[in-house]
Amino acid sequence: MKKVYFDSAATTQLRSEVIRCISEVLKTEYGNPSSTHSYGRSSKSLLENARKEIAGHLKVNASEIIFTSGGTEADNLVLQSCVRDLGVTRIITSKIEHHAVLHTVQELQEQYNITVAYVKLDECGVVDFEHLESLLRESDEKTLISLMHVNNEVGTLLDLKQTAMLAKEHNALFHSDTVQSVGHYELDFSEIPIDFAAAAAHKFHGPKGAGFLFVRKNSNLKSIIHGGEQERGLRAGTEAVYAIAGMAEALKISYQNLKKERAYILELKDYFKEELSAKIPGVKFNGACEDNERSTYTLLNVCLPISQEKAMLLLFQLDLKGIACSKGSACQSGSEKGSHVLSEILSEEDLKKPSIRFSFSSFNTKEEIDYVVEVLQSFISE
C-alpha cells in the first residue's frame, strides 16, 4: 500500500542529521548539566551552545531562550505567570487560538476573575486590527495580548510586527504561539518588539518533547514548575540534553534550507489547489488558503462537497489508502467535537461538509498529491 504523510502541522518527520545528532549525544553526553564535574560541564556546554544557536536565528540574546517540553508548556508559563506575577488582569486573544492558550485563559478567568476580550476576525480568520486597537484603548487594566502567528488549522497569518507595535503603543504585553512558524519563517525579534514567543521542535523536523520560550529580557516572568533553578530559574527540572541538541540542529538545518524548501513546498501547495479545483467541482479552501500572502505555505484546509453520511467515513477511507491527514489539531484526536476554529469562521452551510487539513514538508512530492487527488475523486464519485 502506498503511504503518504500529509500531516506535518501535527508533527514532522525527523531529519537524518537530527537523528545522528541525538544518537551521538545519547552515547557521549550523559552527564547532568547541573553537575559541576567534567561530565556535567560537558553537557552544560552542549546545552548553552544549543541555546546560542537558537537565539542567533531569532536575533536575540541567548539568556532570553528558555527550554521547555514544547509549545503547550511555554504558552502556559507565559499566561499563568503574567496573571499571577506580573499583575495582568486582562487578556486579549481570539477564539481560534490553540487550546493551549484558550483553555489556559479560561482557567485563569475562573481562578483569578480576569477580564477576557476576544478580537474580531474576518471570514478567513484574519485579525481585525481596528477592533484590536479599540480593545486596547477601552481599558486601563494591565493587558496581555495572546495571538498565534500561524493558525494551526487553517494557516492564516498574523502580522506579528503590527501587533507588537500596537501592544507597545498601548503599554500591553504581547505573547504569540509561534509553534507553526519557527523554522518556517524568518523571525527577527530584535526588530519585532514581542515579549514572549513559544516554539516546539517537532514542528520543524526535530524531536517531540522539546521546545523553547523566548522571554524578553527583564520581563520578570516566574516559573510555574518548582524544584530547581534550571533555565535561569524559569523552568525547574533536568534538561533533556539530547532532545535540545536535536532541536538546535533541526532549527539550524531548517533555516539553512529555508528559501529552497519554502519555494518547493509552496509549489506543492499551489499544485494541490489547482488539481483539487480542476478535478473536484465544488471544492472550497478554508481560511485564507487561496491567498499566499495571508496564509502559510505549509498547510491547506479543504472543504469537500460531500454528504454528512459520507463525511463520517472520509478519514477512515483515507487512512485505509495510506493517507495521513487531519480534520483539525492533533491535540483534538479522539474528540467528538468539531473544530472550534472552523466553527468560528465558516458558514452554517459549509460546517455541514467535511473539512480536511493537509500539511506539507520538503519530504512530500507531486506524485503523492496526484495519488491523494485520485483517491478523493474516487471516494466522492462512488
- prompt: With respect to the cross-link table entries K168/K284; K95/K203; K2/K310; K222/K259; K168/K260, which display a Cα-Cα separation exceeding 32 Å?
  reply: K168/K284; K222/K259; K168/K260
- line: Expected max-MSF residue from S94, S190, S361 in the GNM of the chain (alpha carbon, under 10 Å) is S190
message: With a cut-off of 8 Å between alpha carbons and a minimum separation of six or more residues, what is the relative contact order of the chain in percent?
response: 23 percent
message: Report the Rg/Rh value for the stretch 333-382, based on alpha-carbon coordinates and the Kirkwood definition of Rh.
response: 1.05
- request: Any chance you could give the angle, 0 to 90 degrees and rounded to 10, that helix 241-256 forms with the longest Cα principal axis of the chain?
  value: 60 degrees
task: List the residues whose amide H sits under 5 Å from the amide H of Y185, counting only those 5 or more places along or on another chain, with H placed 1.01 Å from N in the peptide plane.
output: none
Alpha-carbon Rg with Dmax, taken over the stretch 224-291, Å: 21.0, 59
task: With label points built 7 Å along Cα→Cβ from the Cα atoms of N292 and D140, find their separation and express it in nm.
output: 5.0 nm
- prompt: How big is the stretch 208-263 in terms of Cα radius of gyration and Dmax, in angstroms?
  reply: 14.8, 45
query: Does the stretch 169-224 come out rounded, prolate or oblate, given a ≥ b ≥ c as the square roots of the eigenvalues of its C-alpha gyration tensor, rounded meaning a/c under 1.5 and, failing that, prolate meaning a/b above b/c?
result: oblate
field: Estimated dipole of the chain in Debye, rounded to 20 [Cβ of Lys and Arg +1, of Asp and Glu -1, Cα centre]
entry: 1120 debye
query: With θ set to phi - 60° and the Karplus curve 6.51 cos²θ - 1.76 cosθ + 1.60, what are the ³J(HN,Hα) couplings of the stretch 75-92 in order, to the nearest whole Hz, using x for Gly and Pro?
result: 4, 4, 4, 5, 4, 5, 6, 4, 6, 6, 10, 9, x, 5, 10, 8, 10, 9
task: Using packing as a proxy for protection, rank 138-149, 299-310 so that the peptide with the highest average count of other Cβ atoms within 10 Å comes first.
output: 138-149, 299-310
field: Net charge of Cβ neighbours under 10 Å - reference H98; Lys, Arg +1; Asp, Glu -1
entry: -4
field: Prolate/oblate/rounded call for the stretch 1-158, Cα gyration tensor, a/c under 1.5 rounded
entry: oblate
- request: As a check on your grasp of the helix formula, calculate [θ] at 222 nm for the chain: sum -39500 (n - 2.57) over DSSP H runs of n ≥ 4, divide by the residue count, round to the nearest 500.
  value: -13500 deg cm²/dmol
field: For the chain: span of alpha carbons on each principal axis (Å, largest first)
entry: 66, 55, 35
query: If one takes the longest principal axis of the Cα atoms in the chain, at what angle in degrees, from 0 to 90 and to the nearest 10, does the Cα axis of helix 366-381 lie?
result: 50 degrees
statement: Of every hundred units of 1.4 Å-probe accessible area on the chain, the number belonging to carbon and sulfur atoms, as a percent, is 48 percent
- line: For the stretch 218-226, in residue order, the Karplus 3J(HN,Hα) values (coefficients 6.51, -1.76, 1.60; θ = phi - 60°; whole Hz; Gly and Pro = x) are 6, 6, 6, 4, 10, 5, 10, 10, 10
field: Estimated Rh, the stretch 61-129: Kirkwood, alpha-carbon pairs, angstrom
entry: 13.3 Å
query: In degrees between 0 and 90, to the nearest 10, how far off the longest principal axis of the chain does helix 38-58 point, with axes built from Cα atoms?
result: 50 degrees
- line: Total charge of the residues flanking E53 in space, meaning their Cβ is under 12 Å from its Cβ, with Lys and Arg +1 and Asp and Glu -1, is +1
- request: Give me the orientation-averaged projected area of the Cα convex hull of the stretch 125-281, in nm², one decimal.
  value: 12.2 nm²
task: Using only Cα atoms, figure out Rg for the stretch 231-369 and give it as a multiple of 2.2 N^0.38 Å.
output: 1.27
- line: Classified through the alpha carbon gyration tensor (a ≥ b ≥ c as square roots of its eigenvalues; rounded if a/c is under 1.5, else prolate when a/b is larger than b/c, else oblate), the stretch 84-177 comes out oblate
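The values are calculated or read from the model by the stated rules, or taken from the named source; none is laboratory data. For clarity, every value in this text was computed on a predicted model and none was experimentally measured. Cβ atoms come from the backbone with ideal geometry, glycine included; neighbour counts cover every protein chain shown. Heavy atoms of the whole protein, side chains included, go into the accessibility calculation; ligands, DNA and RNA do not. Shrake-Rupley method; radii C 1.70, N 1.55, O 1.52, S 1.80 Å.
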